[in-house]
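Beneath this line is the structure, given in structure tokens, with notes to follow.
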Amino acid sequence: MEFKASYGLMTKIVTAAIALLFTGLIVFGAGSSESSRTAYGAIFLIMVFGICLILSPRGYSVTKDELLIHRLIGNVHIKKADIKSVATLEKDDVRYAIRTFGVGGLFGYYGKFYNSRFGHMTWYMTRSDRPVLITTVKGKKIVLSPDEVGSFTAAFQPV
């Protein structure tokens, strides 16, 4: 089964604001007298934007054997046999998480995060209002944000 992961309002705002900021820095920096320095800066900003786009979650699939987190490059595969539990969370459960190594708004929320309730987590979310917590048998915590939370969690129930 395929599950969409649409952008939440905050993801849209942050992505648009950063795109405008980067565009402004590139365009207005192009008129600078230090052209080689400006070119390197523009290349860096474009690379950051591109890497964030490539690594951001695009959707999810649940097959008979695995959970697949879709990205433009480097999809994430998690065997269903390795999944201990799937639970819906409240928005407040992820609200005060600390980003330890990840992206917090540009095309979503993904990477490594931490909060006092759940400890270390890996996020692949596009919005913060529909979090689903996947816990593996090894204790790893993965947070996703499918559009259809009920159908997504039902896909993990025994038939």
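None of the figures in this text is laboratory data; all of them are computed from the coordinates on show. On a predicted model such as this, the values are computed, not experimentally measured, just so you know. When we count neighbours, we look across all protein chains shown, and the Cβ atoms used for this are built from the backbone with ideal geometry, even at glycine.
For the reader, a short list of remarks on this structure follows.
- Listed residue (Leu55, Tyr40, Val14) projecting farthest to the positive dipole end of the chain, Cβ model: Leu55
- Identified option (computed mean projected area of the Cα convex hull in nm²; candidates (i) 8.4; (ii) 9.1; (iii) 10.1): (iii)
- Fewest-first ordering of Ser116, Ser128 by other beta carbons within 10 Å of each residue's beta carbon gives Ser116, Ser128.
- Estimated dipole of the chain in Debye, rounded to 20 [Cβ of Lys and Arg +1, of Asp and Glu -1, Cα centre]: 340
- Annotation: the antiparallel percentage among DSSP beta bridges lying fully within the chain is about 90.
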